[in-house]
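Below you'll find the structure, written out as structure tokens, and then a few comments.
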Amino acid sequence: MRDLLGVDDPALLLRTAIGIVVLVAAAMGLLRLGGVRLGAQPVIAVGRAILQLGLASVILSGALTLPWTVVAVLAFMLTMASATSAGRLAALDGGRSAAALAVVAGAVISVGAVFALGMMPHTARDVIAIGGIVTGNAMTAATLSGRQFCTLASHRSGEVEAWWALGATSPIAFADVGRHAVRDALVPNLDQTRSSGVVTLPGAFIGALAGGASPVEAARFQVVVLVAILFAQVISALVVTRRLARSGRLPLSEDD
């Protein structure tokens, strides 16, 4: 059974499956009681996560034994992350291209810097681990900064139009909106970084410990991850807001 499923304890796998069903059902029930309308999105999200992580485990089994496939795996991650963020910003003028460029730039530059500086060993396992974590967070920053840019631009439309009336270019008219959008997008990660080891024990730290690393090495790995995420998110958020600021019209709010 272990050879078939790749797990040591099939009973644990069954209990996990039951627990997932119970927790998702409970979350859906609480949303309904709270009057929050998300439809089947939580169920779909968890279902996709299960399928995608299952597929990823199969792909990574090959990637970790065949290092040349690492590039293909990272390219696939970047493609999916870019597509996800682009879909979230599709309603914005130039939103799709801005999101895709931001995710790729943030992830590639940050991951490249980590390995160029010798902060992590050049192994397939480490490249995929750092690449996957950083890419996902670059996607989050691109989406959050883009959506916040839209919200702030709509709320401060009078200010933007006043700049245009004075003859300012769009990058100047949207400059303050972009700065606030970047700041707001970075706050969640900054809070997570600031509270690491005190309020929370981050996943990379726990994962490294579970993998047999010493506490010191696990802490070193987690700090590298946090810094790489910060660098990637700064790049992604700046790229998105700078690209969106080139638009010659105000973005539509989500209510329009």
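The values are calculated or read from the model by the stated rules, or taken from the named source; none is laboratory data. Model, not experiment: these values are computed from the prediction. Backbone-built Cβ (ideal geometry, glycine too); neighbour counts: all protein chains shown. Ligands, DNA and RNA are excluded from the accessible area calculation, which covers all protein heavy atoms including side chains. Shrake-Rupley method; radii C 1.70, N 1.55, O 1.52, S 1.80 Å.
Here Ser110 passes the criteria (1) buried (at least 17 other Cβ atoms within 10 Å of the Cβ); (2) free of Cβ contacts under 8 Å to residues at least 24 places away in the same chain except the one numbered (2). Within segment 66-113, count every residue that is more than 17 Å from Arg125 (Cα to Cα) and part of a loop (DSSP other than H, G, I, E, B). Residues in segment 66-113 being more than 17 Å from Arg125 (Cα to Cα) and part of a loop (DSSP other than H, G, I, E, B): 6 in total. Residues satisfying the criterion are present in segment 215-236 (criterion: open to solvent by 70 Å² or more (accessible area, probe 1.4 Å), aromatic (Phe, Trp, Tyr) and either part of a helix (DSSP H, G or I) or modelled with pLDDT under 90 (or both)). The set of residues in segment 113-165 being of a type in the set (Phe, Trp, Tyr) and open to solvent by 60 Å² or more (accessible area, probe 1.4 Å) consists of Trp163, Trp164.
Looking across Ala98, Ala72, Ala83, one residue alone is modelled with pLDDT of 80 or more, open to solvent by 30 Å² or more (accessible area, probe 1.4 Å), under 16 Å from the mean Cα position of the chain (by Cα) and small (Gly, Ala, Ser). It is Ala83.
Beta carbons closer than 8 Å, at least 6 apart along the sequence or on distinct chains, pair a first residue in segment 139-160 that is closer than 23 Å to Thr79 by Cα with a second that is basic (Lys, Arg) and open to solvent by 10 Å² or more (accessible area, probe 1.4 Å) for Thr143/Arg88; Gly146/Arg88; Arg147/Arg88.
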